[in-house]
Every structure is written in structure tokens, then in C-alpha cells.
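**Q** The structure under discussion is supplied below as C-alpha cells; questions concerning it will follow.
The values are calculated or read from the model by the stated rules, or taken from the named source; none is laboratory data. Quick caveat, the model's predicted, so the values are computed rather than measured. Here Cβ is always computed from backbone atoms with ideal geometry, including for glycine, and neighbour counts include all displayed protein chains. In case anyone asks, the SASA skips ligands and DNA or RNA and just uses the protein heavy atoms, side chains included. Shrake-Rupley method; radii C 1.70, N 1.55, O 1.52, S 1.80 Å.
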Amino acid sequence: VQNERCRAEIDGKKLSLEAWWLYVFMLSLPEDWDYTINGLTTVVNAGKNKISRVLNELEKAGLLVRKQENIKGKFGKINYILK
């Protein structure tokens, strides 16, 4: 059932192969995994700039939302939420 919902949500999205790969890979990770650029560089063979570029592509396509932590009025790490 989840696969059908996911397939319906991504139909018609035009993304690079890298973006599709990263999106599917991130979907396979546990929910409590470290969804940050640093976290992704620990398991993906790509640099921070490339991962950042691909995450921007996913965000523009509406498949990812950035959420920045706020700790006592200071900016914290940025987390990524998959749609």
C-alpha cells in the first residue's frame, strides 16, 4: 500500500537520475536516521556539494522539506523530511 501511495506521489516528476536514486535511498533508511548532509555523506559516495545540489532538486520538486532546529534562539542543524 505504501508503494502505491509513493508511486502516485512521484508520477510526473522530472528529476535527474541522481535525485531519483538519493530519494529512493533515503526512503529505505530508518525514520530515526540522521537526515542531514553530513549524515548522508557517511553512507553515500558523494561530497557535500553534490548532495546539497541533489537535495535542492528534491526540494524544488516538492519531495523534500527542510526543517532547521532552533536551540535557545540559535540556529541548529537542518533536517530533511521526505514527502
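**Q** What pairs come out if I take residues in region 1-29 that are under 23 Å from residue 42 (Cα atoms) and pair them with residues that are in a helix (DSSP H, G or I) and at pLDDT below 85 whose C-beta lies under 8 Å away, six or more apart or interchain?
**A** 23/10; 27/6
**Q** Now, a different point. Does region 7-19 contain any residue that is in a helix (DSSP H, G or I), on the phi < 0 side of the Ramachandran plot and modelled with pLDDT of 90 or more?
**A** Yes, because at least one residue in region 7-19 is in a helix (DSSP H, G or I), on the phi < 0 side of the Ramachandran plot and modelled with pLDDT of 90 or more.
**Q** Among residues belonging to region 61-76 that are farther than 14 Å from residue 18 by Cβ and open to solvent by less than 50 Å² (accessible area, probe 1.4 Å), point out the one that is modelled with the lowest pLDDT.
**A** This residue is 76.
**Q** Would you confirm whether or not region 21-30 contains a residue that is at pLDDT below 85, among the β-branched types (Val, Ile, Thr) and outside any loop (DSSP other than H, G, I, E, B)?
**A** The answer is no, given that none of the residues of region 21-30 is at pLDDT below 85, among the β-branched types (Val, Ile, Thr) and outside any loop (DSSP other than H, G, I, E, B).
**Q** Mind checking which residues of region 49-60 are more than 14 Å from residue 21 (Cβ to Cβ) and under 11 Å from the mean Cα position of the chain (by Cα)?
**A** 52, 56, 59
**Q** Take the residues in region 26-46 that are aliphatic (A, V, I, L, M) and loosely packed, with under 14 Cβ neighbours inside 10 Å, then tell me which one is nearest to residue 81 (Cα to Cα).
**A** The selected residue is 27.
**Q** Quick check on region 47-60: of everything there that is in contact (Cβ under 8 Å) with a residue 12 or more places away in the chain and farther than 13 Å from residue 25 by Cα, which residue is most open to solvent (accessible area, probe 1.4 Å)?
**A** Taking the candidates together, the pick is 50.
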